[in-house]
Amino acid sequence: KIPAEDASKVEKWLLHVDGSSTTQDSGAGIVITSLYGEDLDFFVKFGFKASKNKVECETLVIDMRMTHDLGAKYLKVAYLDSQLIVKQVEDTYKAKEENMIHYLQQIAELKHDSEFPNDQKFKEKKMLRQIAFLSSLVP
């Protein structure tokens, strides 16, 4: 764990997540920015229908695992479209649905020194939403 006084000095990988859910499918757009400023753009298509919040949680778990596998020690979730999920991760709100509780437990295990957004500004928000939407349409 990083001491609070040193947390702002540590370079962090940035993670931007935006889920999309249609009546047919679901998916998400992901942008990971490495310590070197390199953007890695991904989209994930799930083979199931799901609520937007479930898609956001599923994607967040995948992304946190992926950034860890890429060597990230500290992660800043710079954009997450769902304030509800942010509040649940921060333990400000309690999840009621069993599957959401399960996702939040996984996120808590992966969280370590991760930061979650207080501010929902993201300059590439439009592009990220397009990636998320397109991922839900890919056959």
Contour minus end-to-end for SER34 and TYR93, with contour as 0.36 nm per residue of separation and end-to-end as the Cα-Cα distance? 18.2 nm
Once both label points are put 7 Å beyond Cα along the C-beta direction, the HIS102-ILE62 separation in nm becomes 1.7
Long pairs among LYS12/LYS94; LYS54/LYS94; LYS49/LYS76; LYS49/LYS111, criterion Cα-Cα beyond 19 Å: LYS12/LYS94; LYS49/LYS76; LYS49/LYS111
Tally up the carbon and sulfur contribution to the accessible surface of region 54-108 as a whole percent, 1.4 Å probe, everything protein left in place. 50
May I ask you to compute the full-extension gain from LEU84 to PHE42, defined as 0.36 nm times their residue separation minus their alpha-carbon distance, rounded to one decimal in nm? 12.8 nm
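The values are calculated or read from the model by the stated rules, or taken from the named source; none is laboratory data. Since the model is a prediction, treat every value here as computed from it, not as a measurement. Please note: Cβ atoms are built from the backbone with ideal geometry, for glycine as well, and neighbour counts cover all protein chains shown. In case anyone asks, the SASA skips ligands and DNA or RNA and just uses the protein heavy atoms, side chains included. Shrake-Rupley method; radii C 1.70, N 1.55, O 1.52, S 1.80 Å.
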